[in-house]
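Single-structure report; data block below.
The values are calculated or read from the model by the stated rules, or taken from the named source; none is laboratory data. In this text the structure is predicted, and so the values were computed from the model without any measurement. Every residue, glycine among them, receives a Cβ derived from its backbone with ideal geometry; neighbour counts consider all protein chains shown.
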Amino acid sequence: MKLFNPKTRLTGQHNRKLYAAYEIAYTAVDFAAALLFLIGSILFFRDSTQTAGTWLFVVGSVFFALKPSIRLAREVHYWRAGDLDTLAQREEE
């Protein structure tokens, strides 16, 4: 099983559920990051709330960094569930 193979998500009920769970996590993180950046932007309009706005930007940036991490975790999860002998044979071809 190759990493980042789009057909992997269609190879069984378990993989479809796994794919859906990771997509929900990805979307939730994406939404949280966008919301944090929006609120942080609003807080920048007043001098008294700029520090809070800066912290929201930092936390939002962490969330944006989590997005590719979630995708990689999903692919590694698929990879670990697969047949490593078959994976090794594909790499040799």
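Tabulated values for the structure
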| quantity | calculated |
| --- | --- |
| Residues of segment 8-56 that turn out to be modelled with pLDDT of 90 or more, of a type in the set (S, T, N, Q) and surrounded by 12 or more Cβ atoms within 10 Å (Cβ to Cβ), as a count | 5 |
| Scope segment 57-77; condition over 23 Å from Ile39 (Cα atoms) and touching a residue at least 40 places away in the same chain (Cβ under 8 Å); matching residues | Ile70, Arg71, Ala73, Arg74, Glu75, Val76, His77 |
